[in-house]
Every structure is written in C-alpha cells, then in structure tokens.
Amino acid sequence: DQPLLAPPVTASNPLTTEGPLTEETAQQVIQTWLDTKAEAFGSNHAIDQLDKILVDPALSRWVTQAQEAKDRNWYRKFEHSIQADSIRLRQLGPNQARVDARVSESAQHFQGERVVRSQSWNRPNLRVRYDLVRENDQWRIRDMTAR
C-alpha cells in the first residue's frame, strides 16, 4: 500500500526569513536581483518578474527602463557574478539592511537581432550598495547605488 510517487517537495523561498538578515540571504537577494534583471531586459522582456525582488523606488525605475527597452525593440544579454567574500552587511533595523557587494557585469546590447557594441559593456568590479527591506517576511531591494 505504498504510493507509487512521493508527494512533491515544495522548496521554501530562500528570501523569506525571520530574524536578522544573514550574509548568505543577502547574497541570495542580490543574485535573485541579477537573475531577474537579466530576464526583464532579455529578449523575452519578463518585466512582470521585477516586483518579486524590488519595491519602490527601485521597482518603478526599473519597470520604466525595462518597458522602454521592450517598446524600442532592444534587449541585453547579461552575465553577472558576485565576487566571493565581498558581501558587507549592516542591519539598520529588524526589517531594514544595507548590503555592499562587488559585482561583475557584462552586457551585450541588441537592437533587434544586431549587437550594438557601443551600448555593450564589461564591468568586472562594480561596487554596489543595496538597501533592503523585509515586507511580508521576504527581503526585497528598495534602492541600489553603484559606487
């Protein structure tokens, strides 16, 4: 009387945490943002995914930019990485934190199907400050500044 298939395992959202933000969760938040950015600005223009990791004011700013990309028929192929041991975390309150990280970003800019080299880049050592807030027990990015 054993079931033939095990019930599906539902993974908990790694961005949903109680207690203070950890470096591991901070890195997951940043990686989720980088992956989501690549999708929102990619050829499929998955703009609706941005609200899963961003809140205002960052959300409004990035939705506007991604919609402009779609409307003007351009997209980008991104490659990102977070540099090892670069996460610096400061808890500002129970639901707010500031995270500094070094991020590598390269982008190929396409207009239609043609690569536009003048709009493409490779930035191997960006220093970015992320302001995070916890809403409904999930950490999201409220703002970010490249430094």
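Could you grab me the full set of residues in segment 79-90 that are assigned to a strand (DSSP E or B) and open to solvent by less than 70 Å² (accessible area, probe 1.4 Å)? So that I can check it myself, show each step before the final result.
Keep residues of segment 79-90 that are assigned to a strand (DSSP E or B), which gives 79-82, 88-90.
Residues satisfying the conditions are H80, S81, I82, L89.
Hey, L21 hits all of (1) at pLDDT 95 or above; (2) open to solvent by less than 90 Å² (accessible area, probe 1.4 Å); (3) not hydroxyl-bearing (S, T, Y) but one; which does it fall short on?
Of (1) at pLDDT 95 or above; (2) open to solvent by less than 90 Å² (accessible area, probe 1.4 Å); (3) not hydroxyl-bearing (S, T, Y), only one is false for L21: (1).
Quick one: what pairs do we get from segment 45-60, first residue in contact (Cβ under 8 Å) with a residue 40 or more places away in the chain and at negative phi, second of a type outside the set (F, W, Y) and assigned to a helix (DSSP H, G or I), C-beta under 6 Å, 6+ apart or different chains?
Pairs found: I53/T32; I53/T36.
Could you count how many residues in segment 37-56 are part of a helix (DSSP H, G or I) and under 16 Å from R72 (Cβ atoms)?
We begin by selecting, within segment 37-56, every residue part of a helix (DSSP H, G or I); these are 37-40, 47-52.
This time we only want the ones that are under 16 Å from R72 (Cβ atoms), so: 40, 47.
Total meeting the criteria: 2.
Just name the residue that is farthest from A26 (Cα to Cα) out of those in segment 116-138 that are of a type in the set (S, T, N, Q) and in a strand (DSSP E or B). Walk me through how you get there before you give the answer.
The first filter runs over segment 116-138 and keeps only residues of a type in the set (S, T, N, Q), leaving 118-120, 122, 125, 136, 138.
Imposing the further condition that a residue be in a strand (DSSP E or B) reduces the set to 122, 125, 138.
Numbers: N122: 24, N125: 18, Q138: 11 Å.
So the residue we want is N122.
Check segment 82-104 and report whether any residue there is touching an Asp or Glu at 6+ places or on another chain (Cβ under 8 Å), closer than 14 Å to K37 by Cβ and hydrophobic (A, V, I, L, M, F, W, C).
no
Just one of the numbered conditions (1) assigned to a strand (DSSP E or B); (2) of a type in the set (A, V, I, L, M); (3) closer than 22 Å to A46 by Cα is not true of A69; which one?
Against the list (1) assigned to a strand (DSSP E or B); (2) of a type in the set (A, V, I, L, M); (3) closer than 22 Å to A46 by Cα, A69 comes up short only on (1).
Return a yes/no flag: does segment 29-42 have any residue that is hydroxyl-bearing (S, T, Y), in contact with a strand residue (DSSP E or B) (Cβ under 8 Å, 6 or more places away or on another chain) and open to solvent by 30 Å² or more (accessible area, probe 1.4 Å).
The answer is no, given that none of the residues of segment 29-42 is hydroxyl-bearing (S, T, Y), in contact with a strand residue (DSSP E or B) (Cβ under 8 Å, 6 or more places away or on another chain) and open to solvent by 30 Å² or more (accessible area, probe 1.4 Å).
Hey, can you tell me all the residues within segment 120-138 that are at pLDDT 95 or above, farther than 17 Å from H80 by Cα and open to solvent by 30 Å² or more (accessible area, probe 1.4 Å)?
R134
Could you tell me which numbered condition R76 fails, if it satisfies all but one of (1) free of Cβ contacts under 8 Å to residues at least 24 places away in the same chain; (2) not in a helix (DSSP H, G or I)?
Exception for R76: condition (1).
The values are calculated or read from the model by the stated rules, or taken from the named source; none is laboratory data. Everything numeric here is computed off the predicted structure, so don't read it as measured data. Quick reminder, even Gly has a Cβ in these numbers, built from the backbone with ideal geometry, and neighbours come from all protein chains shown. Surface accessibility is based on the protein's heavy atoms, side chains included, excluding ligands, DNA and RNA. Shrake-Rupley method; radii C 1.70, N 1.55, O 1.52, S 1.80 Å.
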